[in-house]
1. Might you report the magnitude of the Cβ-based charge dipole of the chain about its Cα centre, with Lys and Arg at +1 and Asp and Glu at -1, to the nearest 20 debye?
2. In the structure displayed, which of K66/K166; K5/K35; K13/K51 lie more than 19 Å apart, Cα to Cα?
3. Using only Cα atoms, locate the centre of segment 172-192 and the centre of segment 109-139, then give the distance between them in Å, rounded to an integer.
4. Whole-Hz ³J(HN,Hα) for each residue in segment 115-123, computed from phi via Karplus 6.51 cos²θ - 1.76 cosθ + 1.60 with θ = phi - 60°, x for glycine and proline: what do you get?
5. Just to check I understand the Karplus step: with θ = phi - 60° and J = 6.51 cos²θ - 1.76 cosθ + 1.60, what whole-Hz values come out for segment 102-109, glycine and proline as x?
6. Could you point to the residue in G64, Y53, V78 farthest towards the positive end of segment 46-99's charge dipole, with +1 and -1 charges on the Cβ of Lys/Arg and Asp/Glu respectively?
7. When the Kirkwood radius is taken over all Cα pairs of segment 46-99, what Stokes-Einstein diffusion coefficient follows at 20 °C and 1.002 mPa s, in µm²/s?
8. What is the angle, in °, between the Cα long axis of helix 57-73 and the longest principal axis of the Cα atoms in the chain? Nearest 10 is fine, range 0 to 90.
Amino acid sequence: MNATKERTFVIIKPDGVQRSLVGEIIRRFERTGLKLVALKMFVADEVRLWKHYNKDDAWYAAKGEKTVQNRSAAGLPVDKPAIEYGKDIIRALVTFMSCGPVIAMVWEGNQAVNIVKKIVGDTQPLTSDVGTIRGDFTVDSYELSNVSERAVRNLIHCSDQPAEAKRETAIWFNENEILNYRQIQEQILYDVNLDGILE
């Protein structure tokens, strides 16, 4: 496959839309040279969100066990099996992601998955570097979201690896919604021979 055609999937979450950060987020991706090949705005439905997060019982159990340990250490009651605490994480995400409009996008370019991950920053805003979207535009943390029993508000979702990007893209976009086109800037970014620039 042509390396310059790698694609990645991004969703600007309801908090990013509500805070009017859509243009800023798109600008950051465009400045790198990535090409926007699909975009749409909608309210996400729960069925597709559960499919999107794609967790199994082993994941639920492991995350839930951590929650049980944290609750026990804090002197809080443990009133359900660990696996249910794990499922609560995705339940909170589904509730949050379906509470209002989101923007789904597909970006294309060399190393698109890793470039977007670098721009977006760490999942937890508190540890995201300055200069990343999450590091610059939000102050939420896992601790605060846990106390409030809600999903962390970190503005944006992006795929972690190319295979995941392909799977997630197929959930939210039909193939005919993804455009194939050439931008002039691709000649500067990818063409080997730059002869003819000087007159």
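We did not get these values from a lab; they are worked out from the coordinates using the rules stated. Just so we're clear, the structure is a prediction, and the values are computed from it rather than from any experiment. A quick note on method: Cβ atoms are made from the backbone with ideal geometry, for glycine too, and the neighbour counts reach across all protein chains shown.
1. On the way: 26 positive and 28 negative charges, 67 e Å.
It comes to approximately 320 debye.
2. Flagged as over cut-off: K66/K166.
3. 23 Å
4. Taking θ as phi minus 60°, the curve returns 4, 5, 4, 5, 5, 6, x, 4, 4 Hz for segment 115-123.
5. Once rounded to whole Hz, the list reads 10, 10, 9, 9, 10, 10, 10, x.
6. Towards the positive end, the residue furthest out is Y53.
7. Working: Rh = 11.6 Å.
Translational diffusion coefficient: 185 µm²/s.
8. 50 degrees
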